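Engineer: Shown below is the structure under consideration.
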Amino acid sequence: MTTDADVIIAGAGPAGTIAAYELAIRGVSVLILEKSQFPRYKVCGAGLTYKILREIPFDASPVFETQISNVIFSSGFRDIFTRTSSDPLIYCTMRDKFDAFLLAKAVEAGARVIYGEKVGEVQQQKDYATVVTRSGSFHSQLVIGADGASSSVARSSGLRENMMPGLAWEAEVLVDPAVLKACSQTLFLDWGAFPGGYGWVFPKGDHLSIGVGGPAALSKWMMTYYREMLKYLEEGTWIQSFKSGLLKANSEFQIPDSGFNILGTTSLKSWPIPVRVKKSRFHHGRVLVAGDAGGLTDPLTGEGIYYAVRSGKLAAAACCEYLEAQSPSLNSYTEAVNDELMTELLEANRIKFLFNTAPLKIHRFVCNSDRAWRAFGKVLRGERWYADVRFGFGQWKFLWGLTCYISKWISDYREKRFSKNGFTGK
Ligand SMILES: Cc1cc2nc3c(=O)[nH]c(=O)nc-3n(C[C@H](O)[C@H](O)[C@H](O)COP(=O)(O)OP(=O)(O)OC[C@H]3O[C@@H](n4cnc5c(N)ncnc54)[C@H](O)[C@@H]3O)c2cc1C
């Protein structure tokens, strides 16, 4: 059977393009099938943490729009406090630019891409795989499903088990340039307003990306929360905290004298955030799934680009081993994803349960503790991992499992109660 490529990749998001780049630089023939035309809009905060940038095998700074050094925290838009960092914590981009940039690097390295080719399913034969699209079919040795949250590859290959659905709404919002400039290095983060829910504002070059997210079961309350978020940003109750946070840090930033004046909104959209909640299979025969297609997103923060990039790299390494016949199967991929990424994501899920039991107490603890703030920064930079948190309990770390079990129970109860009563019956 003549194949179209050694490896076919469905989807040109970060998981697909990084896998393609890693394969192409090793001389493997790669074909990317992407359903859209590029550059294309993608709903995403597009906050890039250091740990993502460390994993990207080339400099991504040409597509950065802003960098974040300040965070204005709030809990249900109250108890507002500001923290600053001398080093940037996050770089912000827009996904149309970022994804087109990664794809160009993969193409430069030798990958081929066909746009407007929507993958419907993958069929496996003894010696090859067939990728069926709207216009025909393509053949390869191996297939990487990097086709995002609603992955057709994962569905047709039986790789969508143990998924918990999350959901987020986001919009690109135009505001007055003066306040935008004053807040160009500031992330707004609201958490604890409802179980598992959070809201964020990322400043971009000429607008704000404003979003809210949480468990899909609570989606009916999310627009109420989104509107509260806009009100909070407009009213400017955060300015006093911003001012004292910056003064404390001797920062020279300009302080805005009013809240944001919202001039217009584009692209208000919802998008699923799939979360894998159990170690399980990430490959079946000749097919692997990476990134959102595998449910590799952080249940605590919704962050998924790191896991997309990292799983893309692991997928490429497993494909190379298989093609060089150093490995008879793709088992090593499932093992690596479970050992490295799922261990971290399961710990994030436990921390989420713990947070949901006492959100305001934890919020205030982060506000008052320099140690907690430093730990927050280290997690963003990938210098510390969620899996390290249990060690912070010192001699009591054996109680971690029990604490997580009880907090899961409380968290589930609170989520159910909120689902029924919403913000009115808190
Ligand atoms: C509102 C929101 C905000 C977020 N903010 C952040 C953030 O700030 N930081 C962060 O790290 N993560 C964030 N995430 C998560 C992040 O967007 C995803 O985890 C990440 O995009 C996953 O990358 P991926 O390559 O797996 O999939 P995607 O980026 O979804 O890419 C999939 C690609 O496959 C293509 N495709 C889909 N179906 C098919 C098909 N059938 N055939 C062919 N091609 C197909 C799509 O067009 C797309 O190009 C956010 C998510 C949401 C919803």
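Every number here is computed from the coordinates shown, using simple stated rules; none is lab data. Predicted, not measured: the structure shown is a model, and the values here were computed from it. Neighbour counts are summed over all protein chains in view; Cβ atoms, including those assigned to glycine, are modelled from backbone coordinates with ideal geometry.
Engineer: Relative to the first principal axis of the alpha-carbon coordinates of the chain, what is the inclination of helix 222-235, with its axis defined by its Cα atoms, in degrees from 0 to 90 and to the nearest 10?
Structural biologist: The helix 222-235 is inclined about 50 degrees to the chain.
Engineer: Given an 8 Å cut-off on Cα distances and at least 6 residues of separation, report the relative contact order of segment 97-141 as a percent.
Structural biologist: 24
Engineer: A further question follows. Cross-link partners among lysines for residue 118, C-alpha distance below 19 Å, same-chain residues fewer than 8 apart left out?
Structural biologist: Correct list for residue 118: 35, 42.
Engineer: Of all DSSP beta bridges located in the chain, what percent are antiparallel, nearest 5?
Structural biologist: 70
Engineer: Post the alpha-carbon centroid distance, segment 193-225 to segment 132-173, in whole angstrom.
Structural biologist: Cα centroid of segment 193-225 versus Cα centroid of segment 132-173: 24 Å apart.
Engineer: Rounded to the nearest 0.05, what FRET efficiency do residue 325 and residue 405 have when you use their Cβ-Cβ distance and R0 = 45 Å?
Structural biologist: 0.50
Engineer: May I pose another question? Evaluate E = 1/(1 + (r/R0)^6) for residue 224 and residue 125, where r is the Cβ-Cβ distance and R0 equals 30 Å; express this FRET efficiency to the nearest 0.05.
Structural biologist: Efficiency at R0 = 30 Å is approximately 0.05.
Engineer: Right, next: By the scheme Lys and Arg +1, Asp and Glu -1, what is the net charge of all other residues having a beta-carbon under 14 Å from that of residue 316?
Structural biologist: Charge balance in the 14 Å sphere: -1.
Engineer: Considering the options 355, 285, 338, tell which one lies farthest towards the positive end of the dipole of segment 276-426, charges being +1 on Lys and Arg and -1 on Asp and Glu at the Cβ, about the Cα centre.
Structural biologist: In segment 276-426, that residue is 355.
Engineer: Straight-line reach from residue 420: which lysines have a Cα under 29 Å away, not including same-chain ones fewer than 8 places off?
Structural biologist: Cross-link targets: 220, 231, 269, 278, 352, 361, 408.
Engineer: Taking only Cα atoms, what is the 0 to 90° angle, nearest 10, from helix 14-25's long axis to the longest principal axis of the chain?
Structural biologist: 40
Engineer: Summing Lys, Arg as +1 and Asp, Glu as -1, what charge do residues with Cβ under 14 Å from the Cβ of residue 399 carry, residue 399 excluded?
Structural biologist: Taking every Cβ under 14 Å from that of residue 399, the sum is +3.
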